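What follows is one structure encoded as structure tokens, with my remarks underneath.
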Amino acid sequence: MKILLPTLYDTRGGSTRVLLAAAEALRPAHAVTVRAPLAEADERSPALFPSRPLSSRWRKLAVLPRFAGLVARETLALRRLRPDVIHVHDEPSLYVYGLAARSLRPRPFVLWHLHADAGHGRAARLRAALADACIRISPHVAPPVGLPSALIPNPLPPLARLPRPDGDPLSTLGVVGAVVPRKGQDLAVEALARLRTAHPHAHLTLVGPELDAGFAAGLRRRIAALDLDAAVTFAGERAPETAFAGIGLAVFPSRAEAQPLALVEALARGLPIAASDIPAHRALLAGTEADMDSLVALIPDSLAAAILAAARTPPPTNLAARIRDRHDATRFAETLRAQMNTFRAAP
């Protein structure tokens with residue numbers, strides 16, 4: 001089959017990393033084209049879509065004028081490429097390619113890799129109408145009503161060996177993820193302030209691109225107000241293989257996730273973790289014999305207590321091996337190839 005894996009984003013978040021992994025998984029059996037504003041793309045397209053999260057109604061309305069042009073441009077690309085399957089990994093790409101696909105005869109099969117909750121209301125019904133099937137990455141994510149689906153956990157990339165920092169893990173705390181409100185770096189900063197009253201050596205590193213400039217600026221102001229300038233480092237975006245370099249305890253204060261690859265990697269590396277008690281984190285730890293007490297409410301005092309407990313308690317034996325097995329890249333590739341054939345064979 002001719003399979004197109006497109007994205008409008010030029011950033012390398014979790015969904016983009018899984019898209020690239022899916023492309024490599026499918027290449028041995030299919031003619032695969034990645035079309036994206038990425039260096040790894042087979043066809044590099046212009047970066048015309050904002051990388052800043054569309055977290056408000058006004059941001060979504062502001063990009064609407066671009067959609068018509070994007071749909072027209074990608075309709076021409078589809079007529080040239082003539083894919084049998086379009087495998088999308090984000091909602092903007094689902095809208096653009098789902099609409100563009102309707103102009104082709106025969107119409108390509110649209111497979112939606114669901115990296116977030118399917119949502120509700122008219123927008124959710126539209127998204128479901130644009131797709132022919134979907135892949136869920138976590139059991140807590142319900143598929144759109146009436147849409148065929150399969151559950152395939154995200155693959156873990158090869159883990160480059162990183163030296164473990166010496167000393168108290170409180171001195172090498174880290175949050176890995178884009179600096180946006182959803183990732184909860186502000187909660188980690190508030191928790192750090194509480195920890196430093198008894199542990200003045202505690203230090204926090206924030207690893208990730210600053211995709212929301214307003215949020216990042218507010219975070220810096222709050223850090224200054226708490227007199228934490230010397231205790232917090234903004235490390236910026238790192239290559240995926242070095243994201244956890246120098247981190248001895250990983251903190252995941254997210255307000256919402258689907259299946260966070262960063263948490264998967266931290267657990268696979270055997271790092272102690274403290275994380276928010278949200279459905280994605282709970283689903284990820286379920287069945288691994290992990291300590292559910294490491295998941296806490298989105299309250300700074302609770303997060304600080306969880307960080308302190310994680311620093312004093314090693315992770316459960318064999319937890320890292322169980323996580324690596326569940327998110328094995330070879331299993332992901334085999335399952336995705338088989339499921340692709342199943343979806344296409346369905347009437």
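We did not get these values from a lab; they are worked out from the coordinates using the rules stated. In this text, all values refer to a predicted model and were calculated from it rather than measured experimentally. Positions of Cβ are generated from backbone atoms using ideal geometry, with glycine treated the same way; all protein chains shown enter the neighbour counts.
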Amide N proximity, region 146-184 versus Ala338 label position 7 Å along Cα-to-Cβ, cut-off under 13 Å: 151-153
Between Thr11, Ala22, Val34, whose Cα lies farthest towards the positive end of the dipole of region 1-43 when Lys and Arg beta carbons carry +1 and Asp and Glu beta carbons carry -1, centred on the Cα centre? Ala22
Point-to-point label distance, Arg44-Asp227, nm (Cα→Cβ direction, 7 Å offset): 5.0
Can you give me the angle between helix 213-225 and the longest principal axis of the chain, using Cα atoms only, in degrees from 0 to 90, rounded to the nearest 10? 0
Among Arg221, Arg322, Arg82, whose mean-square fluctuation peaks in a Gaussian network model of the chain (Cα, cutoff 10 Å)? Arg221
Answer check: region 169-326, Cα atoms, Kirkwood Rh, Rg/Rh ratio of 0.94
Compute the distance in nm between two label points, each set 7 Å from the Cα along the Cα-to-Cβ direction, one at Ala286 and one at Met1. 2.8
Treating only Lys and Arg (+1) and Asp and Glu (-1) as charged, each at its beta carbon, one finds that the chain has a dipole about its Cα centre, in Debye to the nearest 20, of 1400
By counting other Cβ atoms within 10 Å of each Cβ, how are Glu257, Glu289, Glu91 ranked from fewest to most? Glu289, Glu91, Glu257
For the chain, what number results from the quotient of the Cα radius of gyration and 2.2 N^0.38 Å? 1.02
The relative contact order of the chain, taking Cα pairs under 8 Å that sit 6 or more residues apart, comes to a percentage of 15
In nm, the gap between the two label points placed 7 Å beyond Cα toward Cβ at Glu24 and Asp277 is 3.8
Please give the helix 121-130 orientation as an angle from the longest Cα principal axis of the chain, in degrees from 0 to 90, rounded to the nearest 10. 50
Go through 109-116, 198-205, 226-233 and give me the packing order, highest mean Cβ count within 10 Å leading. 109-116, 198-205, 226-233
Which of these, Val88, Val32, Val251, has the largest mean-square fluctuation under a Gaussian network model of the chain (Cα springs below 10 Å)? Val32
Determine, from the Cβ-Cβ distance of Ala329 and Leu126 and an R0 of 25 Å, the FRET efficiency 1/(1 + (r/R0)^6), rounded to the nearest 0.05. 0.15
Which residues does the label zone of Leu162 cover in region 174-198, counting backbone N under 13 Å from a point 7 Å along Cα→Cβ? 174-177
Under 1.5 on a/c is rounded, so check that first for region 223-305, then, if it is not, pick prolate when a/b is larger than b/c and oblate when it is not; a ≥ b ≥ c are the square roots of the alpha carbon gyration tensor eigenvalues. oblate
Of the candidates Ala191, Ala239, Ala250, which one comes out as most mobile in a Gaussian network treatment of the chain with C-alpha springs shorter than 10 Å? Ala239
In square nanometres and to one decimal, what's the mean projected area of the convex hull around the Cα atoms of region 1-156? 9.0
